[in-house]
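Okay, so here's the structure we're looking at.
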Amino acid sequence: MTDPTMLVNASHPLPPGWVPDDLVDLWVQKPRHFLLPGRREFLARVAFEAANALFAEAETAGFDDFDVRSGYRDAERQAALYAANPNPGMVAKPGQSEHQTGLALDVGIWRGPFLSANNESHRAWVYEHCWEHGLIVRYPAGKESVTGVPAEPWHLRYVGRDVAAEIRERGWVLEEWHEARRPTA
């Protein structure tokens, strides 16, 4: 299984050729409590199970229109997205994207925008409950200098329940969690 706490960014790239070993096809998972775009999407099994539980709870709370816009991206798809993006820093280079782990997903509202200030009630609900399922908002506003990534309120990352709870409690991002665990000399 892919390590849910692995750090992937410009300073911590994945090894060349790295592919997660536990991907599931979201189109064939039943029951599924979120909608999908017209293309096949995949996630690591633990990320799918966490997202599915989160969105099942969301349905009960009256939010039945979440969709997963993007999950796992192989290096080729990430390279194409990177090459096509005219805004430097908005798309990670291949090997530096969490999407390549299968642990990250971009969330939106069906037929609407990604989670953002435009859909505050949905975004607030996800922020309040995602950690209960082992998910974090990976790139929150105000942490750009730590993550090196502009705020992406729609980008969720599976890290496991205990880690998600600690990150939430301390107001950290994954880089800060890793830094706290680094041995001191």
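Values for this structure:
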quantity	calculated
Normalised alpha carbon radius of gyration of the chain [divisor 2.2 N^0.38 Å]	0.97
Stretch gain in nm, segment GLU57-THR184, where the contour uses 0.36 nm per residue and the Cα spacing is subtracted	41.6 nm
Segment ASP74-GLU175, length gained on full extension (0.36 nm per residue, minus Cα span)	34.1 nm
Separation between Cα centres of the range 110-185 and the range 24-49, rounded to whole Å	21
Amide H contacts under 5 Å for SER70, placed H, 5+ residues apart	ASP106
Estimated distance in nm for a label pair at GLN29 and LEU7, the labels positioned 7 Å out from Cα along Cα-to-Cβ	2.7
Estimated vicinal HN-Hα couplings, Hz - the range 65-72 in sequence order (Karplus 6.51, -1.76, 1.60; Gly, Pro = x)	10, 6, 9, 9, 7, 7, x, 5
Taking the convex hull of Cα positions in the range 58-122, its mean projected area over all directions (nm²)	5.3
Signed unit charges on C-beta, dipole axis of the range 44-174, positive-most listed residue VAL137, TYR127, PHE66	VAL137
Ordering of 152-160, 20-28, 39-47 by burial proxy (mean other Cβ atoms within 10 Å per residue, highest first)	152-160, 39-47, 20-28
Highest-first arrangement of 76-87, 100-111, where packing means the average Cβ count within 10 Å	100-111, 76-87
Residues LYS30, LYS93 arranged by fewest to most Cβ contacts within 10 Å	LYS30, LYS93
Value of [θ]222 nm, deg cm²/dmol, for the chain, DSSP H segments ≥ 4, -39500 (n - 2.57) each, nearest 500	-9000 deg cm²/dmol
Antiparallel content of DSSP bridges confined to the chain, in %, to 5	95
For the range 1-106, convex hull volume per residue from C-alpha positions, Å³	116
Kirkwood hydrodynamic radius (C-alpha pairs) into Stokes-Einstein, the range 1-52, 4 °C and 1.567 mPa s, D in µm²/s	102
Nearest-20 debye value, the chain charge dipole, Cβ charges on Lys, Arg, Asp, Glu	360
ALA84-ARG111 pseudo-label distance in nm [points 7 Å out on the Cα-to-Cβ vector]	2.4
Exposure proxy order (Cβ contacts within 10 Å, fewest to most) of SER145, SER97, SER70	SER145, SER70, SER97
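Laboratory data are not the source of any read-out in this text; all were calculated from the coordinates shown. Note that the coordinates shown come from a computational prediction; the quantities given were computed from them, not determined experimentally. Don't worry about glycine lacking a Cβ; one is built from the backbone with ideal geometry, like all the others, and counts go over all protein chains shown.
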